[in-house]
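The values are calculated or read from the model by the stated rules, or taken from the named source; none is laboratory data. Small disclaimer: the values here were computed from a predicted structure and weren't measured. Cβ sites come from the backbone with ideal geometry, for glycine too, and all protein chains shown count toward neighbours.
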Amino acid sequence: MARRRVDSRNRARQALLVRVVMFSCSAFLLTTASPALQAPHSDEASPEREAWYLVRHRCFLCHEIDRPETKFAPSLMGLFERGDARMINGKPINEQTVTEVILAGGPNMPAFQYTLTARQIGLILRYLKGGFPNAPKQDGRHMQEGPR
Amino acid sequence: MSIRIYSLLLVALLASAMPRAVEAAEPVSIRGTITAAEGPLEGAYVGARANGSTVTKYGMTDNRGEFLLRGLESGTYTLLTRIPGFRNVKREGIRVESGEETRADVRVEPETDFLRLVEQASNSELLESLPVTDMERVALDSRCSSRCHGASYFVESRFSARDWRLIVSKMESITPVGDLDPPIARPGRGAGQEPPRRGSSFDTDAEIYGSTAEGGSFRDDEHLVQYLSKISGPDSKGFPIKFQPRATGQLTRAVVTEYQIPRPGAYVHDLMLDPRGGYAWYNDWRVNVVGSVNMQTGEVKEYPVPGRDDRPGGFHSARWDKEGNLWLGQLWSGRVVRFDVKQGKVTGSWQVPLEWSRTGTVVACQYVNHPDGPIWTRDALLGSGWKLNPDTGVFTQVQNARWNLCDREGNLYGFVGRGVLRKTEPGLEKFTEYRTPTPNAQANENRLNLDTAGNVWYGDWDSRHIGLLDTHAGKITEFLIPTPWSLAYNAIGDGANNIGWTVPHHSDRMVKADADSGQVIEIPLPSRGYQIRNLGIEMTANPPAIWFMNQRDGTIVRFQEYTE
């Protein structure tokens with residue numbers, strides 16, 4: 001199903017992967033067209049809503065987002081605010097290394113290289129960095145914090 | 001308590017023009033045709049939303065491809081098309097003057113992007129289209145689709161078999177809202193036994209789906225991983241999606257109005273029309289919030305409801321009492337909540353006396369002061385039932401309190417097993433059991449509705465029926481819903497015309513069952529992901545309008561037929 005939009009996604013993903021490989025020496029196998037998750041009515045969804053939806057459906061299953069507890073894997077709360085802390089693979093925590101993990105997965109984490117586009121990973125990172133202050137939290141607690 | 005008010009002036013401007021009587025009586029605001037390469041399209045949904053508004057009003061094209069959107073207030077509108085198989089069109093800047101007709105013709109092109117086509121498909125259509133065997137389809141529906149996230153999740157994903165294995169193994173021990181299963185043993189499942197699995201209710205045996213002879217294999221996660229890898233492996237290219245035909249003839253005569261809840265991520269569980277009229281009330285499946293939609297203006301108000309900080313938010317049931325309070329089952333917090341809709345505040349909250357309890361069902365009597373009540377609740381995790389005395393806060397355990405509807409005489413109704421609907425009379429000692437024509441029919445918890453004639457309606461999940469208990473004749477009639485994989489969660493009745501209505505969980509179609517003629521028709525809806533839990537019927541509208549929710553989009557929906 002060769003399509004212009006998917007081709008465009010692939011090019012964007014390939015560019016991202018090239019950057020990742022250059023930085024990390026990790027090897028990822030590129031494949032042919034692979035679709036990615038769409039937010040509902042994506043022709044109308046805002047980036048904020050799409051980011052929340054992506055984190056909800058792609059991260060929250062295993063990671064707490066707004067709480068410090070460990071679910072199946074470490075919490076992502078304040079992931080980018082941990083100073084010199086390192087990830088389980090020993091690498092420092094930054095957008096580059098987190099992107100590498102999202103793409104390649106790990107012993108206890110699926111690889112999203114065939115599922116998420118570079119743009120979608122960018123939305124996830126922005127959400128995790130607090131770049132959507134008005135987006136819902138994953139457990140909805142902020143809904144009780146008053147009018148918005 | 002703070003009140004969240006979404007004051008949307010343009011909502012009022014548009015919504016004040018929403019149809020409340022015969023649709024055809026209102027003047028045409030926008031008229032146009034929808035054409036594709038093959039010519040005019042019949043049964044194509046076209047919607048209009050005023051700039052800044054949260055209300056979208058949809059109509060369908062007739063056999064000439066012409067649509068009419070009536071009764072719109074003056075303003076600038078965005079026109080939207082929703083036609084499965086064709087690229088969505090969004091045309092902004094359509095100027096409408098009240099009482100005048102604006103022309104807007106649209107040409108649509110075929111959609112070829114697989115992901116966009118998946119978005120346009122109902123869950124029923126996706127399941128029918130999966131490139132797997134029938135038994136694999138059953139397995140995927142039972143384990144991965146029917147009760148939780150739908151087929152789109154795995155259809156839109158691409159993972160290796162190793163990664164699918166990781167995902168399946170984790171899915172087995174989380175709740176539908178992504179929380180870990182509680183650390184307690186469940187009936188029939190002691191230490192060391194395998195954890196409960198999604199899609200299996202709370203009964204391990206229910207995992208043997210499909211035929212008895214073949215069912216055993218589907219208990220094996222490895223089979224599931226194989227099926228998922230076949231559909232959505234790294235190299236999968238998608239598959240043709242078999243869309244149902246668009247509506248034709250009289251089936252195109254429907255107006256659908258969607259009221260967007262402004263809160264991002266809103267996920268409605270129960271919708272309850274206020275018995276005094278004027279408001280559609282709702283609760284949220286994932287957040288401790290109750291809200292209302294003004295049925296005239298479309299204004300949405302939301303009210304936070306305190307819950308346990310150490311549990312996820314969200315509700316699972318709602319019932320009215322005789323005083324007009326809304327009683328809510330705050331599922332994950334394990335609380336029974338009384339909400340005064342007139343004051344817009346919580347007037348009582350009671351913690352069920354069982355740690356990890358989930359208040360799946362709360363029952364109140366809307367028409368009588370029940371001598372054995374007034375409130376009952378059933379736990380959705382372990383199955384225990386209690387009576388609550390709100391004055392003392394005392395819960396008293398009740399055995400077999402499997403009712404979830406109270407009629408005008410105080411009779412309590414509920415399924416006590418597959419195919420057995422029981423009426424329990426006041427005093428709780430005398431009961432009558434009615435057998436469903438379909439042996440395995442069963443309504444979902446808390447999912448029966450009473451019509452104005454005193455009859456009971458329900459949705460049969462597994463066997464896809466609208467069910468009607470004629471309480472006067474003491475007989476159940478069931479009406480088969482045509483679309484495969486429909487999964488009817490609930491149904492509601494028009495007691496004046498003896499008609500049952502539902503929007504099945506996964507077909508995204510309105511189903512209308514005429515109990516007098518036995519005729520069942522289906523009318524497509526414009527959006528996807530309704531997944532309704534409850535419906536309301538606006539009997540003061542002509543013809544009666546049906547209210548429900550769209551979970552995926554966070555909207556409250558009004559549906560009304562019309563004739564011309």
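Some observations on this one:
- Filter pass, B:LYS301 being surrounded by fewer than 21 Cβ atoms within 10 Å (Cβ to Cβ) and either touching a Pro at 6+ places or on another chain (Cβ under 7 Å) or within 14 Å of chain A (Cβ to nearest Cβ) (or both): yes
- Leading residue by the ranking (nearest to the other protein chains (Cβ to nearest Cβ)) among those in the range B:79-98 that are over 25 Å from A:ALA45 (Cβ atoms) and surrounded by 13 or more Cβ atoms within 10 Å (Cβ to Cβ): B:VAL96
- Candidate set from the range B:238-288 (those that are surrounded by 22 or more Cβ atoms within 10 Å (Cβ to Cβ) and free of Cβ contacts under 8 Å to residues at least 40 places away in the same chain); member that is farthest from B:ASN51 (Cα to Cα): B:VAL287
- All conditions but one from (1) within 10 Å of chain B (Cβ to nearest Cβ); (2) in a loop (DSSP other than H, G, I, E, B); (3) at pLDDT 50 or above apply to A:ARG49; the one that does not is (2).
- Residue within the range B:446-463 that is within 14 Å of chain A (Cβ to nearest Cβ) and surrounded by fewer than 23 Cβ atoms within 10 Å (Cβ to Cβ) present: no
- Residue match in the range A:9-30 (condition: over 18 Å from the mean Cα position of the chain (by Cα), modelled with pLDDT under 55 and aromatic (Phe, Trp, Tyr)): yes
- The number of residues in the range B:162-196 being more than 8 Å from every other protein chain (Cβ to nearest Cβ) and at pLDDT below 80 comes to 22.
- If you go through the range B:151-161 and keep only what is within 16 Å of A:ALA111 (Cβ to Cβ) and more than 8 Å from chain A (Cβ to nearest Cβ), you end up with B:PHE154, B:ALA161.
- Residues (more than 14 Å from chain A (Cβ to nearest Cβ) and under 21 Å from B:TYR530 (Cβ atoms)) located in the range B:130-150: B:LEU130, B:LEU140, B:ASP141, B:SER142, B:SER145, B:SER146, B:ARG147
- Among residues of the range B:37-56, those that are assigned to a strand (DSSP E or B) and under 15 Å from B:ARG91 (Cβ atoms), counted: 7
- Per the conditions (1) in contact with a Gly (Cβ under 9 Å, 6 or more places away or on another chain); (2) modelled with pLDDT under 95; (3) within 30 Å of B:LEU224 (Cα to Cα), the sole criterion not satisfied by B:LEU117 is (2).
- Applying the condition of being of a type in the set (Gly, Ala, Ser) and within 12 Å of B:ILE466 (Cα to Cα) to the range B:515-530 and asking which residue is surrounded by the fewest Cβ atoms within 10 Å (Cβ to Cβ) yields B:GLY518.
- Qualifying residue in the range B:248-255 (condition: in contact with a Gly (Cβ under 9 Å, 6 or more places away or on another chain), within 14 Å of chain A (Cβ to nearest Cβ) and not in a loop (DSSP other than H, G, I, E, B)): no
- Yes/no for B:ASP372 being touching a Leu at 6+ places or on another chain (Cβ under 6 Å) and in a loop (DSSP other than H, G, I, E, B): yes
- The residue that is surrounded by the most Cβ atoms within 10 Å (Cβ to Cβ), counting only those in the range B:361-381 that are under 12 Å from B:GLY334 (Cα atoms) and of a type in the set (A, V, I, L, M), is B:VAL362.
- Residues in the range B:463-482 that are modelled with pLDDT of 95 or more and assigned to a loop (DSSP other than H, G, I, E, B) were compared, and the one that is nearest to the chain's Cα centre (by Cα) is B:ILE481.
- The residue of the range B:305-323 that is nearest to the other protein chains (Cβ to nearest Cβ), among those that are in contact with a Ser or Thr (Cβ under 7 Å, 6 or more places away or on another chain) and surrounded by fewer than 22 Cβ atoms within 10 Å (Cβ to Cβ), is B:PRO306.
- Top-ranked residue of the range B:324-348 - restricted to ones that are of a type in the set (Val, Ile, Thr) and within 14 Å of another protein chain (Cβ to nearest Cβ), ranked as surrounded by the most Cβ atoms within 10 Å (Cβ to Cβ): B:VAL337
- Condition check for B:LEU127 on (1) modelled with pLDDT of 95 or more; (2) within 21 Å of B:ILE523 (Cβ to Cβ); (3) part of a helix (DSSP H, G or I): one failure, at (1).
- Considering residues of the range A:57-99 that are surrounded by fewer than 20 Cβ atoms within 10 Å (Cβ to Cβ) and part of a helix (DSSP H, G or I) only, the residue nearest to the other protein chains (Cβ to nearest Cβ): A:HIS57
- Residue check, A:THR99 hydroxyl-bearing (Ser, Thr, Tyr) and either touching a Phe, Trp or Tyr at 6+ places or on another chain (Cβ under 7 Å) or in contact (Cβ under 8 Å) with a residue 40 or more places away in the chain (or both): yes
- Residue match in the range B:413-426 (condition: surrounded by 23 or more Cβ atoms within 10 Å (Cβ to Cβ), part of a strand (DSSP E or B) and either among the aliphatic types (A, V, I, L, M) or under 18 Å from the mean Cα position of the chain (by Cα) (or both)): yes
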